[in-house]
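What follows is a short report on a single structure.
The values are calculated or read from the model by the stated rules, or taken from the named source; none is laboratory data. This structure is a prediction, so every number in the text was calculated from the model and none was measured. Cβ placement follows ideal geometry from the backbone for every residue including glycine, while neighbour counts extend to all protein chains displayed.
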Amino acid sequence: MAAFNSKFFGLTLVAAVVAAIAATASAGLGWPVWAMFIGWVAFFTNQQSAKGAIRSYLCLSIGVALGNFAALGVSTLIPLIDYLAFGAVVFAVAIIVVSLRAAPVLNNVAAYFLGLIAFFASHLAPGINAFGELAAVSALGVAAALAAHAIQIKVART
């Protein structure tokens, strides 16, 4: 029970309050709250710092863009090769994403896949509007996670 002290509860409260504020802001803007949490999770896939947050966000956003292109690819190929279009497009996208693990700064494969998941889970039509909405709401999630983390560091030091 020693782990459950006032500092533990303080850190928990910080995360809960920041998450509630971010969820309320997301809903108030008409954005999907679940997509904000995709950004929150992406924050924890890299170094938990401002620099790591930016890197994770860029990878997540590129993943959203790749999702847009993948959806266009599937819709183009379905008339030609039916359901096999999914395998062909997933193969091509996976080659790109997994190869990006060698990129010196943008090597966060998990964040790329979170972006792809966000795009396909959104059921939005491919295009700049889908990209813009998902990039914006996931930015809110990354920023909220960074803020919660920074506040928690201050609380932990007290």
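Answer yes if at least one residue in region 96-111 is within 22 Å of SER49 (Cβ to Cβ), assigned to a helix (DSSP H, G or I) and among the hydroxyl-bearing types (Ser, Thr, Tyr), and no otherwise.
No.
Looking at (1) assigned to a loop (DSSP other than H, G, I, E, B); (2) surrounded by 14 or more Cβ atoms within 10 Å (Cβ to Cβ), which is the one condition that is false for ALA125?
That leaves (2) as the condition not met.
Determine whether region 8-28 contains at least one residue that is under 23 Å from PRO126 (Cα atoms), in contact (Cβ under 8 Å) with a residue 40 or more places away in the chain and among the small types (Gly, Ala, Ser).
Looking for residues that are under 23 Å from PRO126 (Cα atoms), in contact (Cβ under 8 Å) with a residue 40 or more places away in the chain and among the small types (Gly, Ala, Ser), one finds at least one in region 8-28, hence yes.
If I filter region 131-153 for residues that are more than 26 Å from ALA20 (Cβ to Cβ) and either not in a loop (DSSP other than H, G, I, E, B) or not acidic (Asp, Glu) (or both), do I get at least one hit?
So far as region 131-153 goes, yes, one or more of its residues are more than 26 Å from ALA20 (Cβ to Cβ) and either not in a loop (DSSP other than H, G, I, E, B) or not acidic (Asp, Glu) (or both).
Please go through region 26-61 and pick out each residue that is β-branched (Val, Ile, Thr) and buried (at least 21 other Cβ atoms within 10 Å of the Cβ).
Once the filter is applied, which keeps residues that are β-branched (Val, Ile, Thr) and buried (at least 21 other Cβ atoms within 10 Å of the Cβ), region 26-61 yields only ILE38.
Can you say whether GLY28 is over 16 Å from the mean Cα position of the chain (by Cα) and within 18 Å of ALA136 (Cα to Cα), as far as the supplied structure shows?
Against the criterion (over 16 Å from the mean Cα position of the chain (by Cα) and within 18 Å of ALA136 (Cα to Cα)), GLY28 qualifies.
Restricting the first residue to region 107-124 and requiring it to be in contact (Cβ under 8 Å) with a residue 12 or more places away in the chain, which pairs with a second residue that is part of a helix (DSSP H, G or I) and acidic (Asp, Glu) meet a Cβ separation below 8 Å and a spacing of at least six or different chains?
As it stands, the answer is SER122/GLU133, since those pairs meet every condition given.
Give ALA111, ALA70 a once-over and let me know the one that is of a type in the set (A, V, I, L, M), in contact with a Ser or Thr (Cβ under 7 Å, 6 or more places away or on another chain) and surrounded by 12 or more Cβ atoms within 10 Å (Cβ to Cβ).
From the options ALA111, ALA70, the qualifying one is ALA111.
Could you tell me whether any residue of region 50-68 is part of a loop (DSSP other than H, G, I, E, B), touching a residue at least 60 places away in the same chain (Cβ under 8 Å) and over 16 Å from LEU114 (Cα atoms)?
No, region 50-68 has no match at all.
Give the residues of region 2-49 that are at positive phi and of a type in the set (A, V, I, L, M, F, W, C), sorted by residue number.
Scanning region 2-49 gives no hits.
Please state which one of ALA85, ALA27 is at pLDDT 95 or above, of a type outside the set (S, T, N, Q) and closer than 18 Å to LEU134 by Cβ.
ALA27
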